[in-house]
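Notes to accompany the following structure.
FYI, it's all coordinate maths here, none of it is from the lab. In this text the structure is predicted, and so the values were computed from the model without any measurement. For neighbour counting, all protein chains shown are included, and Cβ atoms are generated from backbone atoms with ideal geometry for every residue, glycine included.
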Amino acid sequence: MIRLEGVTKQYHMRSGPRRVLDNVSFTLERGRHIGILGLNGAGKSTLIRLLSGAELPSTGIIDRQMSVSWPLAFTGAFQGNLSGLDNLKFVSRIYGADWRKLLPFVEDFTELGSYLREPVVHYSSGMMMRLAFALSMAIEFDCFLIDEGLSVGDQRFGDRCHYELFQKRKDRAFILVSHDQNVIRMYCERAAVLHMGRLYEFENVEQAYEFYDSQYVPPPGPQFD
Amino acid sequence: MESLAIQGRVIRALLLREVITRYGRENIGVLWLIAEPMMFTLGVATLWSFMGAHKSSAMPIIAFAVTGYSSVLVWRNSANRCTAGIQQNANLLYHRNVRVLDVFITRIALEVGGATGSFIILGSIFTAGAWISPPVDMMKVLGGWLLLCWFGAALGILMGAATSYSEIIERFWHTISYLMFPLSGAGFMVDWFPTAAQRVVLLLPMVNGVELLRDGYFGNTVRTHYDVTYTCFINLVLTIIGLLVLRDAGRRVGER
């Protein structure tokens, strides 16, 4: 289980303090899937950083009773001079896994061939994404943090990701943060909406979408239907 | 116990990552870690030999330069390498097991390791070639060296944490670290100063460290001044302040 209680996150900006998350609470049990919807600027990325432990809340408690992944397919922790294989070794060492056992899966999943032993700076964004996703799947967690992103890559890669994550690992917990309509409907039994730093919880996904859609403010200028 | 095992694992992973990141696998690779401070020390030793920077005739210049410059490198590199360490590694914190202290321990271990390796290798080469005599009292050399390493580690943690608050601190640090070099005890013996000035320079912990090291190296041929208790005390205070600032900085990652 992971439990957030009264979590607030404040940043110091040039214009003064800014509260990005305001008194956010929710609990996710093992094996359950929650979707968190939010427009740009609602605080989704901040929530992900707090959940993964990259940052600590200004006030409030985050209690983790299960292992929580780093944000799925996160490429920010890659070091450009390191090869894909080096990056696999690095995460394996950190999480106490044996990279030799994980290598066949990573080779197969990334389809990088000899590029796996080249520095990551030479990768295309597609190659980077395949490596990042493979590393996320190579290390086992009780709960996966998923920050949008699953829509990138070609059809074949997308299908493989969905199979690895939502079929093979459907017994794990997910926290899926997105503004993508379909992914949350397909995989989550409940959803919450992050709006102006506050979290609104709903019984089911449809109610969440109703609320989410009601927040939509059309852009200025001519409208196209 | 388990958290210690995790920390060990993380630091090992960070060490290997940092080494490949900094030195790559081309040419001598990780050996640059030692080769770099060696080149620095050799360069300075050569320069000082030509300049005749040694006042005391009892002082063999090569040994004076090697003991002095190695001593500066061991603490200054640790401190320099830690500045902005939190910002540079913020993305690693997405991995739950990685903590900001691990990042600093890694960087300090690498710098201390490199400078120690350089000191030992240069000392051995020069001794083997009969350019300098071997140290008189190895324990004192070791003691002085450890005091300098401790000072560097404490300063590194403090500066690493402090520079996460504001870039201004980093700019000041460049000046301070530059000015600290002539004051560090690398290029002088405390005994060369009048008594009043001796008391002032001995307030600097690294001066005490170098003096102890040189006492061990040269024995009775030179007069040295140092206070081990005082230096340990200052190091301890710096360590505690550093860890406190780091704890606060760790809580504020990303807030700036």
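Other residues lying with their Cβ under 15 Å from the Cβ of A:His195 contribute a combined charge of -1, Lys and Arg counting +1, Asp and Glu -1. Counting charges near B:Gly152 (Lys, Arg +1; Asp, Glu -1) among other residues having Cβ under 9 Å from its Cβ returns a value of 0. Placing unit charges on the Cβ atoms only, positive for Lys and Arg and negative for Asp and Glu, gives the protein assembly as shown a dipole magnitude near 860 debye about its Cα centre. Antiparallel beta bridges, as assigned by DSSP with both residues in segment A:114-225, represent about 50 percent of the total such bridges.
Starting from the Cα coordinates of segment A:1-132, work out the convex hull volume and express it per residue in Å³.
151
Straight-line cross-link partners of A:Lys89 among the lysines, defined as a Cα under 19 Å from its Cα and at least 8 positions apart when in the same chain: A:Lys101. Let me make sure I get this right: for segment A:35-89, a, b and c are the square roots of the gyration tensor eigenvalues over alpha carbons, sorted descending. Under 1.5 in a/c it's rounded, otherwise prolate if a/b > b/c, else oblate. Which is it? Prolate shape, in that a/c is at least 1.5 and a/b is the bigger ratio. Separation of segment A:38-58 and segment B:213-245, taken as the distance between their Cα centroids, equals 45 angstrom. The residues packed around A:Lys9, meaning those with a beta-carbon under 9 Å from its beta-carbon, carry a net charge of -1 if Lys and Arg are +1 and Asp and Glu are -1. Quick one: Debye curve from the C-alpha atoms of the protein assembly as shown, no solvent, what's log10 I(q)/I(0) at q = 0.11, 0.12, 0.13 Å⁻¹? For the protein assembly as shown at q = 0.11, 0.12, 0.13 Å⁻¹, log10 I(q)/I(0) is -0.95, -1.06, -1.18.
Enter the mean number of other protein chain beta carbons within 10 Å of the beta carbon of each residue in B:93-101, as an integer. Before the final figure, lay out each step's value.
Details: counts 8, 13, 12, 11, 4, 5, 1, 0, 0.
Averaged over the peptide's residues, the number is 6.
Its alpha carbons considered, segment B:2-255 gives a radius of gyration followed by a Dmax of 18.9, 58 Å. Determine the shape class of segment B:1-109: with a ≥ b ≥ c the square roots of the Cα gyration tensor eigenvalues, call it rounded for a/c under 1.5, and otherwise prolate if a/b is greater than b/c, oblate otherwise. Prolate, because a/c is 1.5 or more and a/b exceeds b/c. Here B:Met1, B:Met59 are placed in order of increasing Cβ neighbour count within 10 Å, fewest first, which gives B:Met1, B:Met59. Here A:Lys9 is the anchor, and the aspartates and glutamates within straight C-alpha reach of less than 13 Å, apart from those fewer than 8 places off in the same chain, are A:Asp22, A:Glu55, B:Glu255. The aspartates and glutamates whose alpha-carbon is closer than 14 Å to the alpha-carbon of A:Lys170, local same-chain residues fewer than 8 away aside, are A:Glu29, A:Glu140, A:Asp142, A:Glu189. Rounded to the nearest 20, the size of the Cβ-charge dipole of segment B:2-255 about its Cα centre is 340 debye, with Lys and Arg at +1 and Asp and Glu at -1.
Diffusion of segment A:1-59 by Stokes-Einstein, at 20 °C in a medium of 1.002 mPa s and with Rh set to the Kirkwood radius over alpha-carbon pairs, works out to 173 µm²/s. Partner shielding of A:83-90 amounts to 2, given as the average count of beta-carbon atoms from other chains within 10 Å of each residue beta-carbon. Taken over the alpha carbons of segment A:72-225 as equal point scatterers, the Debye sum produces base-10 log I(q)/I(0) values at 0.15, 0.16, 0.21 Å⁻¹ of -0.86, -0.93, -1.30. DSSP beta bridges fully contained in chain A are about 55 percent antiparallel. Taking a ≥ b ≥ c as the square roots of the Cα gyration tensor eigenvalues, segment B:199-240 comes out prolate, since a/c reaches at least 1.5 and a/b is larger than b/c.
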